[in-house]
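Take a look at the structure set out below.
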Amino acid sequence: MATTTTETVTAPAPRQTQVRIHLHTRSDDIELPQDTGPILVSTEVKRYQLSTLVNRLLETEKPVPLEFLINGQFLRSSLDDFLTQNGISAETTLRVEYVRALIPPLYVASYEHDDWVSAVDVLSPSSKPVRWMRNAEGPAMPQRILSGSYDGLLRVWNTSSEVIATGQGHTASVKAAKFISPTQVVSSSVDRTIRLWKFEDAAAESAGTLTPTLELFGHKASVDRIAAHAPSSRILSASADHTIGLWSSKKAEAPAAPEEVLPSANKRRKLSNTKTVPQRGPLSQLLGHQSQIADVCFDEKDATVGYSASWDHTVKTWDLTTSACVDTRTTAQSLFSICHLSESSLLATGTSARHITLIDPRASATTVSAMTLRGHTNVVVSLAKDPNSSYQLVSGSHDGTCRVWDIRSVRAEAMDRVGDSVYVIERNSASGGSRPAAGEGVKVFSVCWDADVGIVSGGEDNQVQINKSTTS
């Protein structure tokens, strides 16, 4: 009887695909030697393996966490998946940029107020008011936090949660407050005024002073946001009366205040026992919006240019030397906040549709929206850029969170480029409980980002909150 022999043949393992990558960075302190050429790696590697590879090449004593960018996008998968999703051949030599990974901003402290906190700002050696004053990095100086509240008061805090100075002068809720210099503060209010203050610092609690020095009249409704540029002595204001105010912080430069918006004679008599504060009017009022102005900002590189965002769905560009609107971009939603990202030539705008729309204001732009950042569950009312990065920003929303974004982290989706937040900062006052989706009780009204202090936010929970990462 014949015997049939069956041989089992094992197929050879498929050969692993490899791709050439050329690693580079813009950070001098973690730059590879110039003679480091393209490296052949498996397409199966992900971020962690690439980070390990770069650290080995750098021969670092302590590993530096790194992120990797290819064609302006963060690597969030294996190289193979990235190549497939973006239609890139493995035969291509990939230019891969590596950057320090953003460290999560951890909770540091909260400062309790008697009412909602509507505005926050920071004074530190690296902050704009100090750099403007010296045109260089400032000397060692105390860090100070400015807050404006619905109780009508301004407060300057130290980092030990002590109030150094209190400013009383507004007759209604404060809506915005900024440091102009280490000795000058500007604020605006529902009382329709903008006020300038002299700040005298002190080491001891309550030993400092905020003294009113100038009252600016011209708006006929609440003044909800302000922007200041100390080198030009200019202030921009956003009002519910549909106008933008352009003001001087110098009394001698400012014209007389319009009679029709000054307090009545009876009110003046009631205040006759107090020291009279000089009153002035606007250099000009910018007309063109059809609804409430939500926010304003100066161009980061050219203070003769301003930008405004309005409930009428538009962003307008203004020539501040002529007070003329030179460009209008119309979006699909009401806009509640604006921030200029000068290095990327973009304007970030917070919308009523719960996302952030990035707009290219240049005349050469062919579309209104350059990118959309999604993740918030309520309106986005405040924006601030990362002082250490050209690509990162933080947003504050009525959903009770701040979110950190990196505009290099994007994906293609239908007709738009969409980005997701890198980190979410919850309100510490809501810890231990579930945050309502709409943010009731913990809405964020204002946020700023300082290189020394970190991310500072204020909100409906009556608190200023500080979060900081080791890279802030």
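The values are calculated or read from the model by the stated rules, or taken from the named source; none is laboratory data. The structure displayed is predicted, hence computed values, not measured ones. Here Cβ is always computed from backbone atoms with ideal geometry, including for glycine, and neighbour counts include all displayed protein chains. These area figures cover heavy atoms from the full protein model, side chains too; ligands, DNA and RNA do not enter into them. Shrake-Rupley method; radii C 1.70, N 1.55, O 1.52, S 1.80 Å.
A compact table of results
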{"item": "Scope segment 370-408; condition over 15 Å from the mean Cα position of the chain (by Cα), of a type outside the set (D, E, K, R) and surrounded by fewer than 22 Cβ atoms within 10 Å (Cβ to Cβ); matching residues", "result": "A370, M371, T372, G375, T377, N378"}
{"item": "All positions within segment 183-224 that are surrounded by fewer than 19 Cβ atoms within 10 Å (Cβ to Cβ) and of a type in the set (K, R)", "result": "K198, K220"}
{"item": "Flag if A370 is farther than 27 Å from V122 by Cβ and in contact (Cβ under 8 Å) with a residue 24 or more places away in the chain", "result": "yes"}
{"item": "Number of the condition not met by E440 [criteria: (1) surrounded by fewer than 17 Cβ atoms within 10 Å (Cβ to Cβ); (2) within 18 Å of the chain's Cα centre (by Cα); (3) of a type in the set (D, E, K, R); (4) modelled with pLDDT under 95]", "result": "(2)"}
{"item": "Members of segment 33-56 found to be of a type in the set (A, V, I, L, M, F, W, C) and under 21 Å from Y391 (Cβ atoms), listed by number", "result": "L50, V54"}
{"item": "Strands (runs of 3 or more DSSP E) wholly inside segment 143-248 containing at least 2 residues that are farther than 24 Å from G306 by Cβ", "result": "144-149, 153-157, 163-168, 194-200, 209-216"}
{"item": "Yes/no for T367 being of a type outside the set (K, R) and open to solvent by 60 Å² or more (accessible area, probe 1.4 Å)", "result": "yes"}
{"item": "Failed item in (1) under 25 Å from I407 (Cα atoms); (2) among the acidic types (D, E); (3) open to solvent by 30 Å² or more (accessible area, probe 1.4 Å), with E97 passing the rest", "result": "(3)"}
{"item": "Qualifying residues in segment 333-364 (those that are modelled with pLDDT of 95 or more and in a loop (DSSP other than H, G, I, E, B)) - the one surrounded by the most Cβ atoms within 10 Å (Cβ to Cβ)", "result": "H355"}
{"item": "Which numbered condition S89 fails, given (1) among the hydroxyl-bearing types (S, T, Y); (2) closer than 30 Å to W449 by Cβ; (3) in a loop (DSSP other than H, G, I, E, B); (4) open to solvent by 30 Å² or more (accessible area, probe 1.4 Å)", "result": "(2)"}
{"item": "Subset of segment 292-331 [open to solvent by 30 Å² or more (accessible area, probe 1.4 Å), part of a loop (DSSP other than H, G, I, E, B) and either more than 20 Å from R354 (Cβ to Cβ) or not acidic (D, E) (or both)]", "result": "Q292, E300, K301, D302, T304, W311, H313, T321, T322, S323"}
{"item": "Given (1) open to solvent by less than 30 Å² (accessible area, probe 1.4 Å); (2) in contact with a Gly (Cβ under 7 Å, 6 or more places away or on another chain); (3) modelled with pLDDT under 95, index of the condition G138 fails", "result": "(2)"}
{"item": "Residue match in segment 326-341 (condition: over 18 Å from the mean Cα position of the chain (by Cα), closer than 28 Å to S248 by Cβ and in contact (Cβ under 8 Å) with a residue 24 or more places away in the chain)", "result": "yes"}
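Conditions (1) open to solvent by 100 Å² or more (accessible area, probe 1.4 Å); (2) under 18 Å from A90 (Cβ atoms), marked per residue:
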site: R20; (1), (2): yes, yes
site: L32; (1), (2): no, no
site: S42; (1), (2): no, yes
site: V45; (1), (2): no, yes
